[in-house]
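Structure first, then comments.
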Amino acid sequence: MHLPVLSTGDLVLRPIEDKDTAALFSHFSDDAVTKYMDIDSFTNISEATQIIRFFHQSLEKEEGMRWAITLAGKDELIGTCGYHKISKTHFKAEIGYDLRPFFWGKGIMKEAVNAMLSYGYEELQFNRIEAFVDPENLASSKLLTRLGFRYEGFLRDAFFEKGKFVNAELYSLLRSEHTRESIF
């Protein structure tokens with residue numbers, strides 16, 4: 001699998017590289033960023049090195065792909081987004097995304113995820129894209145709804161994260177729905 005650069009006009013989604021180590025460490029050291037994620041906030045820069053290696057290995061194994069989100073004309077990582085749990089057999093994947101708090105509420109994640117979705121449906125030929133969301137993460141639920149995702153249900157104790165079981169909401173978007181949403 002290949003991880004292309006995706007441009008939206010305002011944003012550039014590009015592969016995460018070693019040069020992003022310091023920015024990733026700063027990003028994932030922020031408790032506000034990792035609050036609803038399945039990782040603990042970073043406390044050592046080596047964790048940023050490890051996650052970059054993990055992203056590269058996932059791409060090599062064709063199990064996932066992760067982009068650095070940057071503002072057009074600036075190359076600094078302000079967040080990440082990508083696919084994990086890619087299933088070629090079932091033409092589907094799960095998405096994840098995160099953004100520095102300074103950039104919240106500015107439409108950046110909607111633009112980034114929409115570019116990623118278009119790539120997933122058009123180039124990777126996904127039929128279904130899923131997202132699991134912590135029920136307390138209202139901003140993420142609203143984002144998915146604005147992108148046309150449908151709420152499919154509440155999963156009790158769906159994941160074991162940070163030493164405890166957590167619930168999840170499942171959202172999905174089918175290729176036919178994304179195409180229809182893009183027209184209107």
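If you take all other residues with their beta carbon under 15 Å from the beta carbon of residue 14, and give Lys and Arg +1 and Asp and Glu -1, the sum is -4.
Summing -39500 (n - 2.57) over the DSSP H runs of n ≥ 4 in the chain and dividing by its residue number, what mean residue ellipticity at 222 nm do you reach, to the nearest 500 deg cm²/dmol? Mean residue ellipticity, 222 nm, calculated: -10000 deg cm²/dmol. Beyond 24 Å in Cα-Cα separation lie the following of the pairs 35/85; 74/106; 61/162; 19/88; 92/142; 61/106: 61/162; 19/88; 61/106. Close amide H pairs (under 5 Å, H built 1.01 Å from N) link residue 68 with 14, 16, residues at least 5 positions away or on another chain. In region 79-177, Cα pairs under 8 Å separated by at least six residues give a relative contact order of 25 percent.
Scanning residues 5 or more positions from residue 155 or on other chains, those with amide H under 5 Å from its amide H are 168, 169, 170, with H placed 1.01 Å from N in the peptide plane. A DSSP coil position with no more than 15 other Cβ atoms inside 10 Å describes the following trypsin sites (Lys or Arg not before Pro) in region 72-138: 74, 88, 106. With one equal scatterer per alpha carbon and no solvent term, the Debye-computed log10 I(q)/I(0) for region 78-184 at 0.14, 0.24 1/Å reads -0.56, -1.45.
With the simple spin-label model, which puts each label point 7 Å out from Cα in the Cβ direction, the residue 71 to residue 31 separation comes to 2.8 nm. Note on region 116-172: the alpha carbon radius of gyration divided by the globular reference 2.2 N^0.38 Å gives 1.26. In this structure, the amide hydrogen of residue 8, modeled 1.01 Å from its nitrogen in the peptide plane, lies closer than 5 angstrom to those of 13, counting only residues at least 5 positions away or on a different chain. Sorted largest first, the spans of the alpha carbon positions of the chain along the three principal axes are 42, 40, 34 Å.
Taken together, the values in this text are just the output of simple stated rules run on the coordinates, not laboratory data. The model shown is predicted, which means the values in this text are computed figures rather than measured ones. Neighbour counts run over all protein chains shown; Cβ positions are idealised from the backbone, glycine included.
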